[in-house]
1. Being out of contact with any strand residue (DSSP E or B) (no Cβ under 9 Å at 6 or more places or on another chain) and of a type in the set (D, E) is the filter here, so list the residues in the stretch 7-35 that pass it.
2. Go through the stretch 201-223 and give me each residue that's touching a residue at least 12 places away in the same chain (Cβ under 8 Å), touching a strand residue (DSSP E or B) at 6+ places or on another chain (Cβ under 7 Å) and not aliphatic (A, V, I, L, M).
3. Take the conditions outside the structural domain of R215 (by TED's automatic domain parsing), of a type in the set (D, E, K, R), surrounded by 15 or more Cβ atoms within 10 Å (Cβ to Cβ) and farther than 30 Å from R210 by Cα and apply them to D45. Does it pass?
4. Name every residue in the stretch 143-183 that is of a type outside the set (F, W, Y), in a helix (DSSP H, G or I) and touching a residue at least 12 places away in the same chain (Cβ under 8 Å), in order of residue number.
5. Applying the selection to the stretch 150-173, what residues are out of contact with any Asp or Glu (no Cβ under 9 Å at 6 or more places or on another chain) and farther than 30 Å from R206 by Cβ?
6. Test each condition in (1) surrounded by 16 or more Cβ atoms within 10 Å (Cβ to Cβ); (2) hydroxyl-bearing (S, T, Y); (3) in the same structural domain as A56 (by TED's automatic domain parsing) for T181 and report the one that comes out false.
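The values are calculated or read from the model by the stated rules, or taken from the named source; none is laboratory data. On a predicted model such as this, the values are computed, not experimentally measured, just so you know. Cβ placement follows ideal geometry from the backbone for every residue including glycine, while neighbour counts extend to all protein chains displayed.
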Amino acid sequence: MTPQVDDLQQRTFENNLLWLESFGCEIQRRNNLFYVNHPDLADYDAWLIYGPPSEALSDLKFVLDQPDPVKSSTSIYIDEIAITDAINVTLAKIGFVATSLNTTVAGAITPRLEAGDISLELALALPEDTTRWSALYSEGFNRHGHDASIDRARWKLSFENPSLQHWFVRDGAVEIGVCQTCVGFGVTGIYSFTLKKTERGLHRFRAALRALRNRLTQNKNVNVYFERLRRKEARGKPRGSVEFHELRVIRKIFGYQRLL
């Protein structure tokens, strides 16, 4: 990695921690080892291992030696550069297998689209819009009942954080989707991007991305990033986005779960 990529890796990671804390995640840090926990969201209960390979195995053993059985068996995410044969052997012996790949894509984007290219637009959501915004999020990510109630509670917290901006994707006056941006550490993270089921499709998705790019740049360059989560069972190659063609992969993190 170059010094520029190393710096971007660090800043995007700190931005991600800022986003996690904005909706109620608790983060414990031990050098390059992190424990993330949310009391109501099992998907945000995990260990994160970064740093050089020389430290990663020691960090992994620390995780597996936790006296709390929940902490010692929860999901583990390890930076690609920290993974060694010893890491893989240790995980395999106790039933942890790779189940996902999280890819961080980042870079600088510039204004480039004319107004005529924008068929959708982004409108900033205000705190009084929390319930409506959260309902669109829950619909887009197929979360109902109790899960939707959890969403309302966590996004109410994030609306109170000045580093987070919440957006409606609009077709005229009709709200068809939502997304979040998190500004901090010199980068803008893109999160929670989703459209209503009735608005799905490549054409609408790309139009929404053009609207997002147009809103983020607005006569200025900006460093942005987002993450792609790919499950092990996913088929085919992940597709890039021509609307954010300047971005490149700067980090890969493998997710492991205990299945035995």
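1. Result: D7, single match.
2. R204, R213, R215, T217, N221, N223
3. Taking the combined requirement at face value, the residue satisfies it.
4. Correct list: A148, I150, D151, R152, A153, R154, K156, L157, S158.
5. Once the filter is applied, which keeps residues that are out of contact with any Asp or Glu (no Cβ under 9 Å at 6 or more places or on another chain) and farther than 30 Å from R206 by Cβ, the stretch 150-173 yields K156, L157, E160, P162.
6. (3)
Matching residues to (1) within 29 Å of L8 (Cβ to Cβ); (2) β-branched (V, I, T):
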| position | (1), (2) |
| --- | --- |
| H146 | no, no |
| R154 | yes, no |
| V183 | yes, yes |
| Q218 | yes, no |
| N223 | yes, no |
| E243 | yes, no |
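Conditions tested, residue by residue: (1) in the same structural domain as F34 (by TED's automatic domain parsing); (2) within 26 Å of C179 (Cβ to Cβ); (3) part of a loop (DSSP other than H, G, I, E, B).
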{"residue": "S58", "(1), (2), (3)": "yes, no, no"}
{"residue": "K61", "(1), (2), (3)": "yes, no, no"}
{"residue": "Y77", "(1), (2), (3)": "yes, yes, no"}
{"residue": "W133", "(1), (2), (3)": "no, yes, no"}
{"residue": "S138", "(1), (2), (3)": "no, yes, no"}
